[in-house]
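Written below as structure tokens is the structure these notes are about.
The values are calculated or read from the model by the stated rules, or taken from the named source; none is laboratory data. Note that this is a predicted model, so its numbers are computed, not measured. Positions of Cβ are generated from backbone atoms using ideal geometry, with glycine treated the same way; all protein chains shown enter the neighbour counts. Heavy atoms of the whole protein, side chains included, go into the accessibility calculation; ligands, DNA and RNA do not. Shrake-Rupley method; radii C 1.70, N 1.55, O 1.52, S 1.80 Å.
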Amino acid sequence: MTGSIVLFGPPGAGKGTQASLIAEITGKPPVSTGDMLRSALSEGTELGVEAKAFMEAGKLVPDEVIIGLIRERLKEPDASKGVLFDGFPRTILQAEALEEITEVSAVISIEVPDDEIVERIIGRRMDPVTGEIYHVSFKPAPIEIHDRLVQRKDDTEETVRSRLDGYHKQTKPLGNWYGERGLLITIDGTGSILEVGALVTSAVNTL
């Protein structure tokens with residue numbers, strides 16, 4: 001399949017895990033705007049310098065800079081048959097800009113109810129020694145390391161619901177936009193990683 005794939009869904013929906021699976025099946029390299037920004041900053045590219053000025057001023061990096069980074073990434077040899085966008089676009093304006101520089105063949109939306117997202121995120125705990133992520137309900141840590149587990153400061157219900165509110169207002173309308181173009185594939189993300197992976201695999205194999 002030629003063309004790029006867009007993967008989106010609310011924070012905590014498990015996009016990162018499924019992105020690895022989709023990349024493995026399709027051979028399309030996963031592309032994260034965050035990774036591209038960090039790379040451009042560290043390499044001191046023209047776009048990286050431009051982005052740094054906005055970031056140091058406490059401003060969001062504008063869409064035209066992000067699109068510029070994506071345009072450069074699409075020139076790489078491994079992107080000749082498209083890439084997998086994880087977490088981009090976030091708005092219809094960004095989707096329209098993306099449409100100008102690459103063909104989007106499919107959009108996979110992982111759907112999880114808000115209450116489950118909240119439960120998933122506020123229950124996360126990290127072992128600072130190994131970096132391993134656990135969950136108080138779904139993946140309990142061994143008893144002997146309980147005392148050293150930490151919770152991220154922004155893994156609170158208030159913060160998560162605020163992020164979800166932003167997602168519903170800004171990003172969720174993308175589903176309708178892509179749906180009108182016949183590109184949207186909706187995946188039920190409420191099952192286990194293996195169950196969701198099976199649904200994703202089935203969807204990708206039909207493309």
- Query: Which of the residues that make up the range 14-64 are among the acidic types (Asp, Glu) and either open to solvent by less than 60 Å² (accessible area, probe 1.4 Å) or under 18 Å from the mean Cα position of the chain (by Cα) (or both)?
  - Reply: GLU24, ASP35, ASP63
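Residue-by-condition table, conditions (1) in contact (Cβ under 8 Å) with a residue 60 or more places away in the chain; (2) within 20 Å of SER20 (Cβ to Cβ); (3) in contact with a Phe, Trp or Tyr (Cβ under 7 Å, 6 or more places away or on another chain):
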| residue | (1), (2), (3) |
| --- | --- |
| LEU174 | yes, no, yes |
| GLY182 | no, no, no |
| SER192 | no, yes, no |
| GLU195 | no, yes, no |
| LEU199 | no, yes, no |
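Can you say whether ARG152 is closer than 25 Å to ASP115 by Cα, open to solvent by 40 Å² or more (accessible area, probe 1.4 Å) and touching a Pro at 6+ places or on another chain (Cβ under 6 Å), as far as the supplied structure shows?
Details: closer than 25 Å to ASP115 by Cα: yes; open to solvent by 40 Å² or more (accessible area, probe 1.4 Å): yes; touching a Pro at 6+ places or on another chain (Cβ under 6 Å): no.
For ARG152, the condition - closer than 25 Å to ASP115 by Cα, open to solvent by 40 Å² or more (accessible area, probe 1.4 Å) and touching a Pro at 6+ places or on another chain (Cβ under 6 Å) - is not met.
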- Going through (1) within 23 Å of PRO173 (Cβ to Cβ); (2) in contact with a Pro (Cβ under 7 Å, 6 or more places away or on another chain) one by one, ALA79 fails only at (1)
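List the helices (runs of 4 or more DSSP H) inside the range 3-122, counting only whole elements, that have at least 1 residues being touching a Lys or Arg at 6+ places or on another chain (Cβ under 9 Å) and hydrophobic (A, V, I, L, M, F, W, C). Before you say what the answer is, go through the steps one by one.
Details: elements: 15-26, 33-43, 46-56, 63-73, 92-99, 114-122.
Helices (runs of 4 or more DSSP H) meeting the threshold: 15-26, 33-43, 46-56, 114-122.
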- Residue by residue through the range 165-197, note down the ones that are open to solvent by less than 60 Å² (accessible area, probe 1.4 Å), assigned to a helix (DSSP H, G or I) and closer than 15 Å to GLY14 by Cβ. TYR167, VAL196, GLY197
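Kindly indicate whether THR159 is in contact (Cβ under 8 Å) with a residue 24 or more places away in the chain, out of contact with any Asp or Glu (no Cβ under 6 Å at 6 or more places or on another chain) and either surrounded by 19 or more Cβ atoms within 10 Å (Cβ to Cβ) or on the phi < 0 side of the Ramachandran plot (or both). Steps first, please.
On the way: in contact (Cβ under 8 Å) with a residue 24 or more places away in the chain: no; out of contact with any Asp or Glu (no Cβ under 6 Å at 6 or more places or on another chain): yes; either surrounded by 19 or more Cβ atoms within 10 Å (Cβ to Cβ) or on the phi < 0 side of the Ramachandran plot (or both): yes.
When the stated conditions are applied, THR159 does not pass them.
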- Item | Inter-residue pairs, beta-carbon under 9 Å, first closer than 26 Å to GLY191 by Cα and in the range 126-153, second surrounded by 13 or more Cβ atoms within 10 Å (Cβ to Cβ) and polar (S, T, N, Q), 6+ apart | MET126/GLN151
- If you scan the range 123-152, which residues turn out to be aliphatic (A, V, I, L, M) and outside any helix (DSSP H, G or I)? MET126, VAL129, ILE133, VAL136, ALA141, LEU149, VAL150
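Considering the range 102-143 alone, what residues qualify as being more than 24 Å from GLY182 (Cβ to Cβ), in contact with a Gly (Cβ under 6 Å, 6 or more places away or on another chain) and either open to solvent by 20 Å² or more (accessible area, probe 1.4 Å) or β-branched (Val, Ile, Thr) (or both)? Reasoning before the result, please.
Taking the range 102-143 as the starting set, the residues that turn out to be more than 24 Å from GLY182 (Cβ to Cβ) are 113-143.
Add one more test, that the residue is in contact with a Gly (Cβ under 6 Å, 6 or more places away or on another chain), and what stays is 117, 120-121, 135-137.
Scanning the range 102-143 gives ILE117, ARG120, ILE121, VAL136, SER137.
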